[in-house]
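Worksheet: one structure, shown below.
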Amino acid sequence: MSKLWGGRFTGKTDPIMERFNNSLDVDRVMWSADIAGSVAYATSLEAAGVLSAAEAGQIREGLGKVREEWASGAFVVKEGDEDIHTANERRLTELIGAVGGKVHTGRSRNDQVVTDLRLHLRSVCAELATELAGLVTLAAKRATAEVDLLMPGYTHLQSAQPVRWSHWMLAHAQAWRRDHGRLVQAAERMNECPLGSGALAGNPFGVERESLASALGFARPTASGDGRGVNASSLANSMDAVSDRDFVVELSGWATLLMAHLSRFAEEQESSRRGSREADIIVFSTQEFGFVKCGDSYSTGSSLMPQKKNPDAAELLRGKAGGGREPGHRAPPAPCRGQANRVLGHHTALLAMIKGLPLTYNKDLQEDKQALGAASTPRSQCTALFDSLDTVQAALKITSGVLATLQPAAARMRGAQQLPLPLLPAVRGARSPLELRTGALNSFMLATDLSEYLVRKGVPFRETHHVAGRAVQPAERSCKGRRVAAVHETQHGAHQVQLAEERSCALTELSVADLQSLHPLFGDDVLAVWDFDASVERRDSIGGVSKRRVLEQADALAAWADAA
Ligand code: ARG
């Protein structure tokens, strides 16, 4: 089969070179964009008087048939089809004869491939944006419905202060919202048309780049978007147009950051609950935390340990690959457990690929530096990006599924122990000490509130912080079942705190007298501090964890996602 570029060649291509050079396996996904580009280009050649109306009509009709063949799966790839551009043109010429050869007048695969890529990515970005907005909607809905559930908030993964489960969920959703914004901005910058730039030096046939751009739905020809009042078309540069892959790197960088965010979400979940019918999902669903459980659909078992139900979905989100591609994509998902940082790896590879390239087009741009798949499998310039975007697409679906099926274990997050025991003697009588310690919200997380109690009585915060710290310390010691006899110095003199052996160790169980021994301004009303709900309600600043603020946030996120 003769090559479309074979004019000056007499020798045959080495079969290994043939495979090495071929990118059809990867760039065939751009078949629709390639046809759309050719249709628009034929029309602009007609407008320029290069093609007669009849010729342009024949070409458009022929391209329509090629489109149908791809769409129905009837397109037959032939030996010598080295990429999607040569394949489509070869087929067009087979269908309509020599006139098909006119479609490439003044055009190069250099301006063609980068136009196709931008067109193709435009629709991928739109899908990804929709998926991301859907994820935010899901989080907002759940947050509204589950706003009353409290859980421990962490810093350094040490329990810190009580927060709302919804606030935790929305914290992740906020990152997703910003990821959406970055995607939209990157897509806007990408939405410029390189076609008409030729191989590198421009088009000699009077092709109208402005109308070519608008026929293909681009905002303008490359690269004239950010001129700030300068005549846009004077900013365009054909050499830049064919060699620029900024937009590829930008999207890949975007994908890297999104994956980092999804990975942080996944990190907070996992499971291996022995004998459980449900799987929990990495840190929050360990037996030790037990805060969340996730449906079977996002877990797998162990080939050896019968009791296991592993949180693979969350781990794959973190390890980044997650099988990468959705069912129906060109390559089946491979087990990806070891392929951590796949998207980050692609991003690094892309940057390494472009950093030393001289202007303008270089075939390196078709090369993927990542040894993905078999060495003999050709990979295009976009393999890294395509694989990253496939991975992101799958990861977003998985995250939605995981989030939708996530079941918070309310009792584990907030067990009985956090009840204000001195205020609820009946409850105290009804539960064993063991039951009283099953929740993760513990009284020590109210130490800040205890300190703030004294602040409200006029004591300087620096001092109250120390007083509350001393209240924690003896209680902690008594936890270990040791007799505590601690003497603490305060501004007000020496106070001895003694807590009896075997006594319940919760901070909430210190008596008013105990507290008064630490500071004289503690009064009976200090018992009201032992209330997790009141604690979160006091945090009512913008973005705070009070119910009103969290509901307001969920509403705003839902409205944002609707409009996104
Ligand atoms: N398949 C090629 C690519 O993906 C098309 C451009 C080829 N251009 C060239 N001058 N060889 O980059």
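FYI, it's all coordinate maths here, none of it is from the lab. Predicted, not measured: the structure shown is a model, and the values here were computed from it. When we count neighbours, we look across all protein chains shown, and the Cβ atoms used for this are built from the backbone with ideal geometry, even at glycine.
Hey, fewest Cβ within 10 Å first, where do 166, 197 land in order?
Details: 166 28, 197 31.
Least crowded to most crowded, the residues run 166, 197.
Calculated FRET efficiency, residue 12 and residue 171, Cβ-Cβ r, R0 56 Å, to nearest 0.05?
0.40
How long is the range 12-171 along each principal axis, judged by its Cα atoms, biggest number first, in Å?
Taking the Cα atoms of the range 12-171, the three principal extents are 74, 41, 28 Å.
Averaging over all projection directions, find the projected area of the Cα convex hull of the range 78-224 and quote it in nm² with one decimal place.
Approximately 14.5 nm², given one-decimal rounding.
Taking amide H positions as placed 1.01 Å from N in the peptide plane, with prolines and chain starts having none, which residues 5 or more places from residue 220, or on another chain, fall under 5 Å of its amide H?
The answer is 193.
Using the count of nearby Cβ atoms within 10 Å as a rough guide to exposure, how do 59, 282 rank from fewest to most?
Lowest to highest Cβ neighbour count: 282, 59.
Roughly how many Å is it from the Cα centre of the range 507-528 to that of the range 111-148, as a whole number?
Cα centroid to Cα centroid, the span is 53 Å.
Once phi is turned into ³J(HN,Hα) by the Karplus curve 6.51 cos²θ - 1.76 cosθ + 1.60 with θ = phi - 60°, what whole-Hz value does each residue of the range 247-255 show in order, with x for glycine and proline?
5, 5, 5, 5, 5, 5, x, 4, 4
Residue 463 to residue 305: extension gain in nm, 0.36 nm per residue of separation minus the Cα-Cα distance?
Answer, rounded to one decimal: 51.5 nm.
Tell me which residues come under 5 Å, amide H to amide H, from residue 150 once H is placed; ignore anything under 5 positions away on its chain.
165
Work from the charge dipole of the range 16-130 (Cβ charges, +1 for Lys and Arg, -1 for Asp and Glu, about the Cα centre) and give the residue of 22, 43, 62 farthest towards its positive end.
Of 22, 43, 62, it is 43.
Take residue 364 and residue 78, extend 7 Å from each Cα along the Cα→Cβ direction, and tell me the distance between the two endpoints in nm.
The modelled label-to-label distance comes out at 3.5 nm.
Could you give me the ³J(HN,Hα) list for the range 98-112, computed from phi with Karplus coefficients 6.51, -1.76, 1.60 and θ = phi - 60°, whole Hz, x at Gly and Pro?
Karplus values, whole Hz, x for Gly and Pro: 4, 4, x, x, 7, 5, 8, 4, x, 9, 10, 5, 5, 6, 5.
So if we plug the beta-carbon distance of residue 473 and residue 123 into 1/(1 + (r/R0)^6) with R0 = 51 Å, what FRET efficiency do we get, rounded to 0.05?
Once the sixth-power term is evaluated, E becomes 0.25.
Taking the beta-carbon count within 10 Å as an exposure proxy, list 75, 291, 247 from fewest neighbours to most.
Fewest-to-most Cβ neighbours within 10 Å comes out as 75, 247, 291.
Please report how far the C-alpha centroid of the range 78-102 lies from that of the range 170-219, rounded to the nearest whole angstrom.
27
Between residue 528 and residue 61, what is the spin-label point distance in nm, taking each point 7 Å from the Cα along the Cα→C-beta axis?
So the two model labels end up 8.6 nm from each other.
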